[in-house]
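What follows is a single structure, written as structure tokens, with notes after it.
The values are calculated or read from the model by the stated rules, or taken from the named source; none is laboratory data. All figures in this text were calculated on a predicted structure; none of them were measured in a lab.
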Amino acid sequence: MMIKMKKKDSLFELYLAGAFLSFGLSIFISLILNLVTIQTSIVRIIAPYILGSAISGYLIAGKTPQKVLSQGISLGLFSFTIHAIAMMLFKLFTKFGSLIGGLWTLFGFIIGSYIGFILKMIARKNINIDKV
């Protein structure tokens with residue numbers, strides 16, 4: 001069952017809301033992981049972005065049309081843009097200021113939002129796993 005969007009709700013607004021949610025969740029998860037003393041690894045650095053954007057993608061997928069790949073990429077790019085702007089504004093380029101760190105962050109946001117959209121489609125039973 002598809003939730004119909006109101007006229008004032010546009011895809012841009014939904015992606016923007018999802019991007020802010022994804023950014024906030026990834027920062028929150030990152031802060032929680034910093035409390036636990038785990039050695040720095042690529043998994044620890046990328047996991048908050050994948051988890052945050054997967055939750056955001058899952059929540060946003062209920063209100064959008066069913067183009068899973070393009071929506072996952074769009075939400076991931078929006079999330080990365082919000083993240084990059086915030087990092088520039090607050091000058092928090094300690095871990096993620098390099099090109100490699102930025103690419104891992106972008107990868108985490110896109111993969112996470114794509115996973116969230118896929119999980120929502122599976123939960124709605126609108127998609128077959130073999131076709132993904």
Do we find a residue being farther than 21 Å from THR105 by Cα, at pLDDT below 75 and not in a helix (DSSP H, G or I) anywhere in segment 67-75? yes
More than 17 Å from LEU11 (Cα to Cα), at pLDDT below 70 and of a type in the set (Gly, Ala, Ser): which single residue out of GLY97, GLY52, GLY108 fits that description? GLY97
